[in-house]
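Worksheet: the structure to be examined is printed underneath.
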Amino acid sequence: YIASSEEQIHHSIPKTLEKTSYVLSSAQRRMYFLYAYDKASTTYNMPEVYQVGSSLKLDRLSNAFISLVDRHEGLRTLFMVKEGIPVQTIHSSNDFRLEHYSNKEKEVEDIINSFIRPFDLDREYAFRAGLISLEEGGYILMIDMHHIISDGVSHEILLKDFWQLYKGEELSALHLQYRDYAEWQQSEEQQALMQRHKDYWMEVYSEDLQVLELPMDYKRPQIRSDHGSVVSFSIDTKTTELLRKISKDNECTMYMVLLTIYNVFLSKLSNSEDIVVGSPISGRTHIDLEGIVGMFVNTLAVRNYPLGGKQFDEFLLEVKQGCLLNFEHELYQYEDLVDALDLEKDMSRNPLFDVMFSYQQELVIGNDIEDSSLKIRTYELSYNTSKFDLDLTAVESDEELFFHINYDTTLFKKATIERFSEYFQKLVSQLVLTPEIKLSALKVLSQEEEEVLLTGFNNTEYPYPLDSTILDLFNAQ
């Protein structure tokens, strides 16, 4: 979505005057609050690790990183509080250094774990890079950033720019930097334009919210933990094609189809018909922002009502219409919505929602690298953090759909999440065959589970002497 001409499309983002410090964008302000609340956390670190062949040229690698940090100011930005207000300051890239390690293969995991450490945002850049030299040849390249300076699209921009710099290619100069966007976004003129978008979201949340209560294994702690793990599963080619057919027949995107199913899934788990799901969106609503690295991503608080009497295909069209309206008003920041709603503070939960959904196309690392001798491939990292109760990511490949459920391990056991994944797949298998089915008719439990719940748990008959009264039995006990 590109903003309308009334708002932005004919108004270029101006380059801000040079200052000692600059304001934070709305998204950065929330990131800084989360950072300041727990500075020892790595929840909002964005690490990437790659295994690279022995033909890697170390001098070119180091120079590429220095050039990358020089090109994108966000990689050399510090964050601090001045006069009670968080600000960002831009520093020189000359002091950036690539961290070098040399160890035996069995120690690689320890090096990676120590490399992915908390950032001290007022003293060090929110970007670091390291290289492990492997004794048997080749390298492990480690990159870590704090979310306050980057997002998913920025990550792709950085990868592309980095490998072009590594190959010695010239990059066209950037007209703007992230500080220009932050100052522009927080200007009085832009804040005045936000009123129409604010009105839309305030209407969406004009009715009281229902807190989503999922069936958990453990009691929710008073202060939310960031401990997490991941369970993955996939949907086969045939079923994926049937989902694509539903998408085509209803003129919907796959994102809309899967978001609709996720709403039904959450409704079945929680026995609720008022569901709020967080969903990230790129936030790059202005053409001037192409190629700029920073925290642009906004989170849409998507609210839907999967009432049992609705047919799935009807509900899908309802979700579709809601998505289109949400996209039209995506300029209003999630952080500003939370402030405007003045929600009751609850340190055990996230504001507005505790579940997320994101959708992405399969990304193949290294496609833009012409030097095949580098043999670069992703080094798989273990997930040990979670920002939400449940965070479902759908990844579409040419043939199949892959899903990853990042979950809070202080609330759920792995076996429970694996069972949830089976419920999701069972819903999909029913919907692709009968898209017109009523939501109330959909089942997630297996026959064995239904037997236990309906018969086993309710089998409370117990023999007792019929010639005794309740008082006699009570006294005997």
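The values are calculated or read from the model by the stated rules, or taken from the named source; none is laboratory data. Here the structure is a predicted model, which is why all the values come from computation and not from measurement. FYI the Cβ positions are ideal-geometry reconstructions off the backbone, even for glycines, and counts take in every protein chain you see. Quick note on the areas: whole protein, heavy atoms, side chains included, nothing else; ligands and nucleic acids left out. Shrake-Rupley method; radii C 1.70, N 1.55, O 1.52, S 1.80 Å.
Numerical summary
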read-out	value
Residue check for G278: touching a His at 6+ places or on another chain (Cβ under 9 Å) and at pLDDT 95 or above	no
Candidate set: the range 443-477, residues that are part of a loop (DSSP other than H, G, I, E, B) and either closer than 30 Å to L307 by Cβ or aromatic (F, W, Y) (or both); chosen: the one least open to solvent (accessible area, probe 1.4 Å)	V444
Scope the range 128-145; condition within 20 Å of the chain's Cα centre (by Cα) and open to solvent by 10 Å² or more (accessible area, probe 1.4 Å); matching residues	I143
Lone unmet requirement of (1) touching a residue at least 24 places away in the same chain (Cβ under 8 Å); (2) surrounded by 12 or more Cβ atoms within 10 Å (Cβ to Cβ) for E436	(2)
Breaking point among (1) open to solvent by less than 70 Å² (accessible area, probe 1.4 Å); (2) at pLDDT 95 or above, for K413	(1)
Residue within the range 170-181 that is of a type in the set (S, T, Y) and free of Cβ contacts under 8 Å to residues at least 12 places away in the same chain present	yes
Strands (runs of 3 or more DSSP E) enclosed by the range 209-327 - at least 2 residues per element that are at positive phi and open to solvent by 10 Å² or more (accessible area, probe 1.4 Å)	none
Residues located in the range 24-76, provided they are within 24 Å of E135 (Cα to Cα), open to solvent by 50 Å² or more (accessible area, probe 1.4 Å) and in a helix (DSSP H, G or I)	L58, D59, R60, N63
Flag for E422 being of a type in the set (D, E) and in a loop (DSSP other than H, G, I, E, B)	no
Subset of the range 78-99 [out of contact with any Ser or Thr (no Cβ under 7 Å at 6 or more places or on another chain) and buried (at least 16 other Cβ atoms within 10 Å of the Cβ)]	F79, P86, S93, F96
Among the residues listed as L374, L392, the single one being buried (at least 19 other Cβ atoms within 10 Å of the Cβ), closer than 25 Å to Y166 by Cβ and either modelled with pLDDT of 90 or more or not acidic (D, E) (or both)	L374
Residue that is touching a residue at least 60 places away in the same chain (Cβ under 8 Å) and touching a His at 6+ places or on another chain (Cβ under 8 Å), where the choices are D161, D151	D161
Single residue of E273, E213 found to be within 23 Å of K443 (Cβ to Cβ) and touching a Gly at 6+ places or on another chain (Cβ under 8 Å)	E273
Tally, over the range 117-127, of residues that are buried (at least 19 other Cβ atoms within 10 Å of the Cβ) and not in a strand (DSSP E or B)	4
Among the candidates S102, S172, residue that is assigned to a strand (DSSP E or B) and surrounded by fewer than 19 Cβ atoms within 10 Å (Cβ to Cβ)	S102
One residue from Y181, Y166 being crowded, with 20+ Cβ neighbours inside 10 Å and out of contact with any Gly (no Cβ under 9 Å at 6 or more places or on another chain)	Y166
Pick from the range 425-442, criterion among the hydroxyl-bearing types (S, T, Y) and part of a helix (DSSP H, G or I), ranking: nearest to the chain's Cα centre (by Cα)	S429
Count - residues of the range 300-337 that are touching a residue at least 40 places away in the same chain (Cβ under 8 Å) and either in contact with a His (Cβ under 6 Å, 6 or more places away or on another chain) or aliphatic (A, V, I, L, M) (or both)	11
Inter-residue pairs, beta-carbon under 9 Å, first within 17 Å of A182 (Cα to Cα) and in the range 86-102, second open to solvent by 60 Å² or more (accessible area, probe 1.4 Å) and among the aromatic types (F, W, Y), 6+ apart	P86/F33
